[in-house]
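The values are calculated or read from the model by the stated rules, or taken from the named source; none is laboratory data. Remember, it's a predicted structure, so these values are computed and weren't measured experimentally. Every residue, glycine as well, gets a Cβ built from its backbone with ideal geometry; the counts of neighbours run over all protein chains shown. Heavy atoms of the whole protein, side chains included, go into the accessibility calculation; ligands, DNA and RNA do not. Shrake-Rupley method; radii C 1.70, N 1.55, O 1.52, S 1.80 Å.
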Protein chains: 4
Amino acid sequence: MTHLPDRLIAGYRNFMAGRYSSESDRYRALAKDGQSPKTMVIACCDSRAAPETIFDCGPGELFVVRNVANLVPPYAPDGQHHGTSAALEFAVQSLKVKHIVVMGHGRCGGIGAALNRSAEPLSPGDFIGKWMGLVKPAAEALAENEMMTKAERQTALERISIRYQVENLRSFPCVKILEDKGRLTLHGAWFDISSGELWVMDPKTGDFERPDFE
Amino acid sequence: MTHLPDRLIAGYRNFMAGRYSSESDRYRALAKDGQSPKTMVIACCDSRAAPETIFDCGPGELFVVRNVANLVPPYAPDGQHHGTSAALEFAVQSLKVKHIVVMGHGRCGGIGAALNRSAEPLSPGDFIGKWMGLVKPAAEALAENEMMTKAERQTALERISIRYQVENLRSFPCVKILEDKGRLTLHGAWFDISSGELWVMDPKTGDFERPDFE
Amino acid sequence: MTHLPDRLIAGYRNFMAGRYSSESDRYRALAKDGQSPKTMVIACCDSRAAPETIFDCGPGELFVVRNVANLVPPYAPDGQHHGTSAALEFAVQSLKVKHIVVMGHGRCGGIGAALNRSAEPLSPGDFIGKWMGLVKPAAEALAENEMMTKAERQTALERISIRYQVENLRSFPCVKILEDKGRLTLHGAWFDISSGELWVMDPKTGDFERPDFE
Amino acid sequence: MTHLPDRLIAGYRNFMAGRYSSESDRYRALAKDGQSPKTMVIACCDSRAAPETIFDCGPGELFVVRNVANLVPPYAPDGQHHGTSAALEFAVQSLKVKHIVVMGHGRCGGIGAALNRSAEPLSPGDFIGKWMGLVKPAAEALAENEMMTKAERQTALERISIRYQVENLRSFPCVKILEDKGRLTLHGAWFDISSGELWVMDPKTGDFERPDFE
């Protein structure tokens, strides 16, 4: 018996009979030639917000980092193991992606945890608390605003955070230089799980707006 | 004009007309009730190996971390910002997932970099070098093995690394305790981009085998 | 020549040939029997947000107050000329409406003025400044939040204000008593001029959500 | 379930499928460019006399104040919250409207209340009594005229009041100055709910006459 949850085995069989079967040439070419995605997406681990699903993208299209709350720790060349920074460096300098999209989403558990830090830490290590500490100042400032509802504070922080992460991307010299040269474009987006709507950040104002299909 | 690559806008329209349209009830319920995925997947950023695609999973099914080479830094409660550890803690202690799958894949760029450390670092920060340092001992040991081809060394390290990462998961007390109680199961898998084959790790032997469908 | 702008004369001719012509019986009955609207709407003067248009309502359906930014000054039985309070009293005690809807909207000029009080007053009387002083505390608290964009602060204040106005309604004894008896229901709504969307306030959480048509 | 009366939800669906659907470009442009209505209408809250309906006007055309009996409290820069004065100031000085129309109507409940002040006040605050006090001298003079029928007194006061309100508009310096310069025109109109007729005030004589369409 295969040591994998049944659901995954069943899903994998669908994949083989479906997508792989119809796209085997593409998979073979991607294996032979290597990947050359044009876009990096920094997304959340949340099970409801997979970038490939939302953007209906196939193999080879998106280079995807997923961490809790789609954060980008600011540039810190200190010898630690920085997973997101490593992925960023690899995407920009090796793969030479043209676009980086920071994609957040509504009802994000990490953002919720940041807004509610009176709760007990989940573990002595309190990894989630420390990780979400990356948005601590904004979370604390918002948490005091009792005129906004809990849900409004959550959405506000989700969007403030996306703007912060896009700004953090620019703290990496390789990103800043390529953006200044017009070879790399940074984007922000926010996905509404309930309605399926994608709100896109206006790079000038920072506002999130729904794309106009007309 | 929407500030997002055209391909993503087009893909998003497909999503809305297709998957979202046919599953809007599910999305709404997932938004209202919150996510409760049974499985966490730790996968690579690689554009050719999206877990949702390979396991044909829909919204709400997989909680997914993606970093370069699907690594799990060992437990280190040191106050740093550990993105993967934070996601792990959140999945296990808040979401109470039942399964964690470490999924690697063939032709992994991160593994290739680890095997080829004579190359110049990509940047002064050398984030990718430091990140892949997590598999450094195995990489160095293999790199000296000139009897294996380059491709064989690559595949070997990809699989060795998956076993290491599963072992690193056990360095987290919350994982170890729940696994010992039978409430959490750890898995390893390796995806062959070219053939579309999924190889699953045998938990007893550590071997990777193809699932037997019949 | 009629002393009325040409556009209004032309529009009135359309009304007579159209709506009045097809609904003359209804108009006659409404004149004879008096009005008995079930709903009072407190809306903004803004030319883009007429309640009868947005709710597609005909003669006799909505009792409508319109002032800048759809405000409800709190109960103040002080002998002054309180236009909104007079309308409220008339609607609740004479007409016995069953519902009161406070309807705000996006890009509200009054709310914008409240958020930007460094500007010179429009006149020595500064009526707009004093009127919008009714949301001054919320406006000042939000104006300091530089993490939110200008547009986000505007939307936030528009919604905070609607919640305040609904609360102010309850400062009127006649409203409070009837609401407690279940004979009167208070509602909040926010109209997005650009998309035409109506967001409805959840009375429990205060959140604004789009109605679900399914 | 949406917290809004069913009738409004149904009406809103009609709006979206009808007017918004056919005029979405206009709504989007109005949202983007802001409103620039040429006309301000000061109308009554009455459910049977919506200006947009009577003048068949679309989004962006009319800036509308609605209070009980379409009154204009005279200029009083005293620091109180004057809703109608604030709207007037905003329309004239910010929006720079070219026309102001005071529109009254037959069978007006507010005017009726002013004529019948022997009745008990509706509430201890008696907001409606104090608000209609703005036409008190005229009301008292008419109430004593027992040669006119009740309905005649009512119509008479409705029209007297419109002339008073137009005069009150001129007590605002900004209105007086612009009218003298020919940049702003003041109008009076009276709507007959039963017949649908609109009677327009002759600015020279003060008489109300039906527009001649041919």
Top of C:HIS81, C:HIS105, C:HIS187 by mean-square fluctuation, Gaussian network on chain C, Cα under 10 Å: C:HIS81
Distance between region C:72-129 and region D:97-127 - C-alpha centres, whole angstrom: 18 Å
Rg(Cα)/(2.2 N^0.38 Å) for region A:81-129, N = residue count: 1.60
D:GLU52 accessible area, 1.4 Å probe, all protein chains in place, Å² to nearest 10: 10 Å²
Sequence-distant residues sharing a close amide H with B:VAL102 (under 5 Å, placed H): B:ILE42, B:HIS187, B:GLY188, B:ALA189
Two-site FRET efficiency, A:LYS204 against D:GLU152, from Cβ-Cβ distance with R₀ of 60 Å, rounded to 0.05: 0.45
Estimated vicinal HN-Hα couplings, Hz - region D:102-116 in sequence order (Karplus 6.51, -1.76, 1.60; Gly, Pro = x): 8, 10, x, 7, x, 6, 6, x, x, 5, x, 5, 5, 7, 10
Of B:LYS181/B:LYS204; D:LYS130/D:LYS176; C:LYS98/C:LYS130, those spanning more than 29 Å from alpha-carbon to alpha-carbon: C:LYS98/C:LYS130
Interchain or long-range residues, amide H under 5 Å from D:ALA69's placed H: D:CYS45, D:ASP46, D:GLY110
For D:ALA50, residues with placed amide H under 5 Å, excluding near neighbours: none
Cα coordinate range in region D:111-186, projected on the principal axes (Å, largest first): 45, 33, 14
Solvent-accessible area per residue, Å², over the protein assembly as shown with all protein chains present [probe radius 1.4 Å]: 41 Å²
Within region D:170-214, backbone nitrogen closer than 14 Å to the virtual label 7 Å beyond the Cα of C:ARG13 toward Cβ: D:211-214
GNM top mover of D:ALA69, D:ALA156, D:ALA86 - chain D, alpha-carbon springs below 10 Å: D:ALA86
Cut-off 14 Å between beta-carbons: net charge of the residues surrounding D:ILE193, Lys and Arg +1, Asp and Glu -1: -2
For the protein assembly as shown, share of DSSP beta bridges that run antiparallel, in % to the nearest 5: 25 percent
Structure-based [θ]222 nm, chain B - -39500 (n - 2.57) summed over DSSP H runs of at least 4, per residue, nearest 500: -11000 deg cm²/dmol
Solvent accessible area, Å² - A:ARG28, 1.4 Å probe, full protein context: 120 Å²
Cα point-scatterer Debye curve for chain A, base-10 log of I(q)/I(0) at q = 0.09 Å⁻¹: -0.42
Mean separation of Cα contacts under 8 Å (6+ apart) over length of chain C, as relative contact order %: 20 percent
Proportion of all alpha-carbon pairs of the protein assembly as shown beyond 54 Å (%): 28 percent
Using distinct alpha-carbon pairs, which all enter the 1/r mean, Kirkwood radius of region D:118-159 in Å: 11.3 Å
Debye, to nearest 20: dipole size of chain A, +1 on Lys, Arg Cβ, -1 on Asp, Glu Cβ: 600 debye
Most fluctuating residue given options C:ILE128, C:ILE42, C:ILE162, as computed from a GNM of chain C linking Cα atoms under 10 Å: C:ILE128
Rg and Dmax [Cα atoms of region B:1-86; Å; Rg one decimal, Dmax integer]: 16.2, 47
Square roots of 5 times each gyration tensor eigenvalue, C-alpha, region A:1-49, largest first, Å: 23, 20, 10
Average other protein chain Cβ within 10 Å of Cβ, residues A:149-161: 4
Alpha-carbon centroids, region C:132-172 and region B:1-56: separation in whole Å: 35 Å
